[in-house]
Structure formats: C-alpha cells, structure tokens
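Accompanying notes for the structure given below.
The values are calculated or read from the model by the stated rules, or taken from the named source; none is laboratory data. Bear in mind the structure is a predicted one, so any value in this text is a computation, not a measurement. Cβ sites come from the backbone with ideal geometry, for glycine too, and all protein chains shown count toward neighbours.
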Amino acid sequence: MQTNSPWPIIGFNNREIRTSYYKINENNSSLAVLFPGFSYSTEAPLFFFLEEFLIRFGIDILAIEYRYNELPAFQTALSDEQDKWFEADVSMMTDSILANALSYKKVIFIGKSLGTTALLQVLNTVQNPERYAYIWITPGTSNSKIAESLEKDQHPSLIIGGTADRFFLLPEFRALEKLNPCITVQAIEGAGHMLEQTNDMARSIDNIKLFLAYIEGFLTGIVGLKAIAAD
C-alpha cells in the first residue's frame, strides 16, 4: 500500500482538515471514505483493522481526521456553533470527494458515531445507488434522523451496532430493514459503542472479527466487490 500526495480539504474558517489517502494501484476503481467519531480516530482499532481489510479488496482509502476533540475553539463553542462548524466541514469534504473521485466506479462512505451524522449529510447530497454505498457503524445521537432518511433510500446501506450500546436503537433499525430491502442491519450481542465487550478481551476481539465478516458479506453480496488475491 502506498500513500499518495495529500487530498487537501479546507473546511470551516479556512482550517485544513487532515486526511490520509492510500492508493493501492493506479487502476483502482473503488474508493472507501472513512469518517471517524468525535474522539475515535481512524487510527483506533475498528478503523485500523478495517483499513487492512479494505486493502484485501483493492479499495483505495481516504481517511478523514477532523479531530474536534483536539480543538479548544470547537470545544468551547456553543452547540449551535459546533453544528454550523461541522456542517460546513462536511459540505467541503463532500465537494472535495465529488471533485476528486471522478475516476472511481464505486465509492463506499463509512462512518462511525459522529461520522454517521456526516454520512447523513452526504446522503442528502449524493444520489447514485449504482455508484455509492454506505456503512453506518454504531450510529450516535442521529439514530432517528438516519432511520427516517433511509426509509425510502435506494443506496445499499449496512448498519452495524451493539446491543449494549445505549445509542443504538435496534428496534427502529430492524423495522427499517423490513421496510427497505436496500438496508442490512447487523447487531452484535452485548457489544458497546466501540463494539467492545466489557471486561472480556477475548469476546471484544471476536466482535471485531464479526464486524469485519459483516462488512465482507456486504461488500461481496450487496455491493458486488471481490477480494483480490494475496501476493
């Protein structure tokens, strides 16, 4: 895997949003865009293993790091100001992705927690079920808005959460899954907001394996991608 030149994104108040762009080879036709949580970066376990996993499919990766938890100005801003800041950043991210990803036939948007709120804004901007797919990992406080937006949406979507995550509204997502055949919901029994199993490292590792297995099933069975042969 090689890291190419940066994918520049200028966000709210002309702040540069950090990104990492990993290009597997020059002829790749698929791109995964990773939107992390508020303090759960793309270097954290779920994303670390996910990136390695995506490489098996020959998927290029754009990992976005907004790192609001490291910005005093964001931390001290009022809630409305934070929302305005975040929405402006996501708008600029989306514009940059659309402008620079024209060569890709498939783009998979993947968000965790706060990142699923970003996906919600992207979904309302980007419309092309043949080209775009979405993976929603442990949705945060926007659960109901996500369910409402996905009710009639035709993009392939995978929603993954844990039954011990207080934010994860499993009954609402199960009802959505029955209503819309484009939606797949996977719930990991006993897992928390980071898909961790409290006081049980072995089961936490098993949860990551389940998480990757669900994504593999989605990419191969729904999106139509195939893993590339190992060297």
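The number of residues in segment 189-219 that are closer than 14 Å to Thr163 by Cα, surrounded by fewer than 14 Cβ atoms within 10 Å (Cβ to Cβ) and either at pLDDT below 95 or of a type in the set (A, V, I, L, M) (or both) comes to 1. Summed over segment 45-72, the residues that are in a loop (DSSP other than H, G, I, E, B) and surrounded by 15 or more Cβ atoms within 10 Å (Cβ to Cβ) give a count of 4. Within segment 56-89, restricting attention to residues that are of a type in the set (Val, Ile, Thr) and farther than 13 Å from Ser20 by Cβ, the residue that is farthest from the chain's Cα centre (by Cα) is Thr76. Pairing residues of segment 183-195 that are without any contact (Cβ under 8 Å) to a residue 60 or more places away in the chain with residues that are part of a loop (DSSP other than H, G, I, E, B) and buried (at least 18 other Cβ atoms within 10 Å of the Cβ), at Cβ distances under 7 Å and at least 6 apart in sequence or on separate chains, gives Ile188/Leu195; Gly190/Gln197; Ala191/Asp165; Ala191/Gln197; Gly192/Asp165. Residues of segment 189-209 that are hydrophobic (A, V, I, L, M, F, W, C), assigned to a helix (DSSP H, G or I) and farther than 15 Å from Glu52 by Cα: Met201, Ala202, Ile205. Taking residues in segment 95-111 that are over 11 Å from Ala32 (Cα atoms), and partners anywhere that are of a type in the set (Lys, Arg), the pairs with Cβ atoms closer than 7 Å and at least 6 places apart or on different chains are Lys105/Arg131. The single condition from (1) β-branched (Val, Ile, Thr); (2) without any contact (Cβ under 8 Å) to a residue 24 or more places away in the chain; (3) in contact with a Gly (Cβ under 7 Å, 6 or more places away or on another chain) that Ile205 fails is (3). Summed over segment 167-188, the residues that are part of a loop (DSSP other than H, G, I, E, B), modelled with pLDDT of 95 or more and within 23 Å of Leu50 (Cα to Cα) give a count of 1. For segment 4-43, a residue qualifies if it is farther than 16 Å from Tyr68 by Cα, over 18 Å from the mean Cα position of the chain (by Cα) and β-branched (Val, Ile, Thr), and exactly one does: Ile24. For segment 129-143, which residues satisfy the criterion of being surrounded by fewer than 22 Cβ atoms within 10 Å (Cβ to Cβ) and either of a type in the set (A, V, I, L, M, F, W, C) or free of Cβ contacts under 8 Å to residues at least 12 places away in the same chain (or both)? Once the filter is applied, which keeps residues that are surrounded by fewer than 22 Cβ atoms within 10 Å (Cβ to Cβ) and either of a type in the set (A, V, I, L, M, F, W, C) or free of Cβ contacts under 8 Å to residues at least 12 places away in the same chain (or both), segment 129-143 yields only Glu130.
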